[in-house]
Structure formats: structure tokens, C-alpha cells
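Below is one structure, written out as C-alpha cells, with a few remarks after it.
We did not get these values from a lab; they are worked out from the coordinates using the rules stated. All figures in this text were calculated on a predicted structure; none of them were measured in a lab. Don't worry about glycine lacking a Cβ; one is built from the backbone with ideal geometry, like all the others, and counts go over all protein chains shown.
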Amino acid sequence: MASTTAADETTTPRTGRQEAPRRELLPGVTRRSALLVVGVLLLQLGFVLSYVGAFHAPTPREIPVAVVAPAGAPAGTAQQVARQLDALDGDPLDARVAADESAARAQLADREVDGVLLLGTGTQDTLLVAGAEGGAVSSALTSLFTQVDAAQQRTLVPEDAIPAASGDARGLSAFYLAVGWVVGGYLVAAIIGVSNGSVPRTRARTAVRLGALAVYALVSGIGGAVLTGPVLGVFSGHFWALAGFGALVVFAVGAITMALQVWTGLIGIGLAILLFVVLGNPSAGGAYPAPLLPPFWAAIGPWLPPGAATGAVRGIVYFAGAGAGWAVLVLAVYGVVGLAATLAGAGRRGAVPATA
């Protein structure tokens, strides 16, 4: 009978069972470690592709705007201008007609449009924008309408009708707050899985992990609201709305990350990074909101936690909650799916023994 050395097989300390010999591609390099390195490389290249692909050439695409004709203008004036705007090369605008300035401002406040063109009786027009929605869109609209008016020998006066707070440069704080919550969610879930084994042995132990995640999420949500409110003075008011929403973000992301680990092991951490960082961050509407992103990133952004959370924070703070309901629904689905999948995978065969 052939002898077996310690290098050929190992004994698990908790069960006393012997594991199969590890196959080494090179001395000290196992097949598993090589595959993990390849996975990291693919994530790294995916990170570069996603961020550079999303941000290298921001271009206005069908930005919704409302057109308002001045009092006493001939019938059809606003419709004619809207058609001209829709006909611009590259389809940068999606123009529609508003009955009057009050209705147009309401559409801007409800986030139905990103800009309002108030046609003047003379040669001067006014452009209303919402800087709180992100400075990039406001700048793009101002630049575009300035060119259009200049071609018609008219002048444009931009007005920030819904500005970001003085401490919220270019409206980016909502994005950074959302990203902080998302990072906290998947990191704490990853740490729990790495420390105690990807798959809990029983549903009771799984419930303990999910309970710990819920407590962490609550503390994290309150912490984010404290930092952006009383500590830094970025956002004024809305403390409990932000705290509660932040807790939902962290729990939803953490629960999905736990589920991925339960069903795929260590690979689940990489899948979480792919979902939330590689795909989620550039499509979230931070530096460049959806109307300036390529179609793929613009389409996936609202469905991923970073994008849903960024839009909701802006909605809570600046737009009386407009758009936040959709984000809450999206994140609630992530949370429920993650919770159910984590409980369903508890104690399944092949699980790594866990202490919690």
C-alpha cells in the first residue's frame, strides 16, 4: 500500500475527515488559487471596461425638457419649437410642451423633465434646470441650448430652479452616501461569510447572521444620516427618512451578498463586486446621470442598488420624495430575494462548517 504524506492530504480539524489531495499546477500554486487569480484579473479588467466605457464620452441622449410659449404667442409656437429641438442631430433632447410656466416647474420638481425652456417675447429665453439632479445634466443642457439660441441670434439666461445645497458640490453627495451604504452592505456580509463559513449549518444560525446584518444596517443607516446631516451639514432635515432608507440599502445589499456566498462560496464575493461596483457604480448617475450615459449603463442603473439609492437620496432631499418610491421597491425586492435565498441554502450539502 502506497504511503501518504502530509503534503498529499489534510485532515479537517472539526470533523477528522481527510480531504482529497490538492492538485498543484506549480509548486505552491493550486488549481483553486489559480482560478481565483484569474477571476480577480477579470474583475479588474471589467472594472476598467465598465468605468471607462461609461464615462469616456458623455453624450446627451433624449434628455426630457418642457417648452413653454410666452403669453400671447401664436398658437402652436411651443409645439413648433419642440419639434425643432427633437430634430437636432444625435437626438440629444426629448422635448414636450407644457401649458404654462407653473405646470413646467411642477414637472421639473416631480423629476418628469430635466429642464424647462421658457420662450421669451423678445430675443431672450430662459432655461430652468435642477442642479440637485446632478451638475453634469444642467451643464449639458445649458451648453446645448446656448448653441441653439446663438444659431438663431437669441440669448439664453440659465436659472437653477432646484439647486443643490451649498455644501453639496454638483449634487454628488447623494451618490457618495449611496455608495458608502452599498460598500458597507457587501463588505459586512463578505466578512461574516469568510470568518464563519459561507453556508451556515442550520436555519437558526442563518437567522442569527441575518439578524446581525439587520442591526448593522440600522446603525449604518443612522450613521450615514448623522454624517451627512449634523456632522458635515451637507443635507438639511430628512434625517429619519435618510436613516431608514440607508438601513434598507445596507440590508438589501448584504442579504444578496450572503445569498451569493451561500450558493457559490467565495465566488459570491466576486459576483457581489461585479454587480455592485463594476456595473452598479458607473451606472448610478453620480458623475454622469443616465441621460449622459451610453444606453447599456443608462438602462441598468435604476435596477441596481447604487443607482436606485442615489436617485432616492436626491429625491428625498431635494424633490419631496419624487422617485424614491421606485427605489424602495427595487431595494425591497433585493432584500426579500436575498433573505429567502440565504435561508433556503442553510445547511445544504457541501457547506463549510460555521460557528454562527
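Miscellaneous remarks
- DSSP beta bridge pairing in the chain, given as percent antiparallel to the nearest 5: 30
- Prolate/oblate/rounded label for segment 241-326 (Cα gyration tensor, a/c 1.5): oblate
- Working ranking of peptides 76-84, 315-323 by packing, defined as the average number of other Cβ atoms within 10 Å per residue, highest first, is 315-323, 76-84.
- Gyration tensor verdict on segment 84-138 (Cα atoms; rounded if a/c is under 1.5, prolate if a/b is larger than b/c, oblate otherwise): rounded
- Distance histogram in 10 Å bins (all Cα pairs of segment 169-344, percent per bin): 11, 40, 33, 14, 2
- The shape of segment 205-247 can be summarised by an equivalent ellipsoid whose semi-axes, obtained from the alpha carbon gyration tensor, come to 26, 8, 4 Å from longest to shortest.
- Across the chain, Cα pairs under 8 Å and at least six residues apart give a relative contact order of 18 percent.
- Computed magnitude of the charge dipole of the chain (debye, nearest 20; Cβ of K, R +1, Cβ of D, E -1): 2040
- 3J(HN,Hα) couplings calculated from phi for segment 270-282 with the Karplus curve 6.51 cos²θ - 1.76 cosθ + 1.60 (θ = phi - 60°) are, in sequence order, x, 5, 5, 5, 4, 6, 8, 9, 5, 9, x, 5, x Hz; Gly and Pro show x.
- Principal axis dimensions, largest first and in whole angstrom, of segment 50-173 by Cα: 47, 31, 24
- Remark: relative contact order (segment 169-344) = 28 percent; criterion is Cα-Cα distance under 8 angstrom and separation of 6 or more residues.
- The share of Cα pairs per 10 Å bin across segment 33-83, counted from zero up to the longest distance, runs 19, 22, 16, 14, 13, 10, 5, 1 percent.
- Phi-derived couplings, Karplus 6.51 cos²θ - 1.76 cosθ + 1.60 at θ = phi - 60°, listed residue by residue for segment 97-111: 9, 10, 5, 7, 4, 4, 5, 5, 5, 5, 5, 5, 5, 8, 6 Hz, with x used for Gly and Pro.
- Residue order, fewest to most surrounding Cβ atoms within 10 angstrom, among Glu159, Glu133, Glu112: Glu159, Glu112, Glu133
- Cα radius of gyration and Dmax for segment 174-249 (Å): 14.3, 45
- Virtual spin-label span in nm between Val48 and Thr30, 7 Å along Cα→Cβ: 3.0
- Whole-number percent relative contact order across segment 69-128, with pairs defined as alpha carbons under 8 Å at least 6 apart: 29
- In the chain, the DSSP-assigned H stretches of four residues or longer account for a calculated mean residue ellipticity at 222 nm of -17000 deg cm²/dmol, using -39500 (n - 2.57) per stretch and the full residue count as denominator.
- Kirkwood estimate for the chain, i.e. one over the average of 1/r between Cα atoms, Å: 23.0
- Dipole of the chain, positive direction: furthest Cα of Ala308, Gly338, Val179, with charges on the beta-carbon: Gly338
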